[in-house]
Amino acid sequence: MTKQNSFLKTTCIGLGLLLMAQGLDAQVLPRASESRHPFLYLDFAGLVSNAVGEFGDLVGAGGGGNLSAKVFPLEDSRNFGLRADLGWVIYGLESVPTCISDPCRVQTDIKTSNNIFYFGLGPEVVLIRGRFEPYVYGTLGTSVFNTGSTLQGEYFAGAETNFNTTHLNDWTFAWRAGGGIRYGIWEDFSLDFGVEHHGNGVVDYLTKGDVIDNPDGTVSINPRRSEANLLTFRLGVSLGLGGDTGIFAF
């Protein structure tokens, strides 16, 4: 009887522990599903640029915008993903008054802008998941250095294609490396801040004053050639798509 009682007690304890474990599993599993993160992020940001090196000796601060799409395909590990960046930086802007009639009864401005358009594709790693999400990334792609002039004014607002001249357009291979942090505001919506280095290599470009109006009515172009690297500082918003709950669920 004693052995039977011991066996029954052991069996009851084992069954009780099994039932408790199943109960805990039933409670844990929903929490695990609640911790799922979006597999897609769309980021919209404004940029402030700061040229470095020889490029920085000729160019001051600039501004622009950036659009990023980031995919995290592995449901079990949403810390590793692929990102695509598309952006634009204005590093120089010049406005020159001019007459477009003789005598000079119609006046307007010629606006000349120095731009960098860029695209990149590469990996991103989220270091910590939560309300604060630090991350690092790197991309490979291209940059286009473009300088063009157009007539500025209300009468020419819809006629840019007819009154626009491109002075220089140079493509170059480019790499970028950066990092940032997302701060969750509410479900699937975060503030995003980041810093990025643009490695554009050696390229032809124009700066403010390199397009010269000559007294005889002709225009002289003085292109420069050097490394044209820069830093950009990004502030924007990040929208998470495809997750069951907020990106900072615990």
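The values are calculated or read from the model by the stated rules, or taken from the named source; none is laboratory data. Bear in mind the structure is a predicted one, so any value in this text is a computation, not a measurement. Because the Cβ atoms are built from the backbone with ideal geometry, glycine has one as well, and the counts that use them run over all protein chains shown.
Quick notes
- Among the residues of the range 161-213, those identified as of a type in the set (Lys, Arg) and part of a strand (DSSP E or B) are ARG176, ARG182.
- Candidate set: the range 112-130, residues that are aliphatic (A, V, I, L, M) and surrounded by 16 or more Cβ atoms within 10 Å (Cβ to Cβ); chosen: the one modelled with the highest pLDDT: ILE116
- First in the range 55-73 and surrounded by fewer than 14 Cβ atoms within 10 Å (Cβ to Cβ), second anywhere and not in a strand (DSSP E or B), Cβ under 7 Å, 6 or more apart: PRO73/PHE39
- Check on SER101, modelled with pLDDT under 95, among the polar types (S, T, N, Q), surrounded by fewer than 19 Cβ atoms within 10 Å (Cβ to Cβ) and over 30 Å from ASP210 (Cα atoms): no
- All positions within the range 70-105 that are of a type in the set (S, T, N, Q) and either out of contact with any Asp or Glu (no Cβ under 9 Å at 6 or more places or on another chain) or within 30 Å of TYR118 (Cα to Cα) (or both): SER77, ASN79, SER95, SER101
- Pick from the range 59-110, criterion within 23 Å of the chain's Cα centre (by Cα) and of a type in the set (Ser, Thr, Tyr), ranking: nearest to GLY178 (Cα to Cα): SER68
- Exclusive hit being modelled with pLDDT of 90 or more and farther than 30 Å from SER226 by Cα, set ASP43, ASP57: ASP43
- The single condition among (1) touching a residue at least 40 places away in the same chain (Cβ under 8 Å); (2) closer than 20 Å to THR172 by Cα that PHE119 does not satisfy is (1).
- Within the range 135-156, the set of residues being under 19 Å from the mean Cα position of the chain (by Cα) and either modelled with pLDDT under 95 or surrounded by 15 or more Cβ atoms within 10 Å (Cβ to Cβ) (or both) comprises TYR135, TYR137, GLY138, THR139, GLY141, SER143, VAL144, PHE145.
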